[in-house]
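Working notes, structure below.
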Amino acid sequence: MEAPIRAIGDIKPPKLVKEVAPIYPEIARVARVEGVVIVEATTDVYGRVISTKVLKSITLLDQAAIDAVRQWVYEPMVINGRPRPVIFTVTVRFQLK
């Protein structure tokens, strides 16, 4: 497999085509924890998320963010006519109603 390309500068992150909302953890809901978890995601040549890493953490929300992002699907990143894996960051917001 080719090394993933990092989406920075002129290389834009791929377009999200399937988003799955995170499930708010009950412990975080009871504790009234809200905020943003920033996740670095890597997609394969098909646009499926194959790995994640938390860059900005909210401990009670991290796993819910990872579980959601791993189900997301993006348009494949095509460079020079070939699909490529890509690394980029996504923001997952948790807000109580």
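If you go through the stretch 26-61 and pick out every residue that is aromatic (Phe, Trp, Tyr) and surrounded by 18 or more Cβ atoms within 10 Å (Cβ to Cβ), you end up with 0. Among the candidates Gly9, Gly35, the residue that is touching a Lys or Arg at 6+ places or on another chain (Cβ under 9 Å) and small (Gly, Ala, Ser) is uniquely Gly35. Take the conditions (1) buried (at least 19 other Cβ atoms within 10 Å of the Cβ); (2) at pLDDT below 95; (3) within 26 Å of Glu34 (Cβ to Cβ); Ala64 misses just one of them, which is (2). One residue alone among Phe88, Phe94 is over 21 Å from Arg32 (Cβ atoms) and touching a residue at least 24 places away in the same chain (Cβ under 8 Å), and that residue is Phe88.
Residues in the stretch 59-97 that are aromatic (Phe, Trp, Tyr) and over 20 Å from Ile5 (Cβ atoms): Phe94 alone.
The values are calculated or read from the model by the stated rules, or taken from the named source; none is laboratory data. Keep in mind the model is a prediction, meaning the values are calculated, not measured. As a convention, Cβ positions derive from the backbone with ideal geometry for all residues, glycine included, and neighbour counts pool all protein chains shown.
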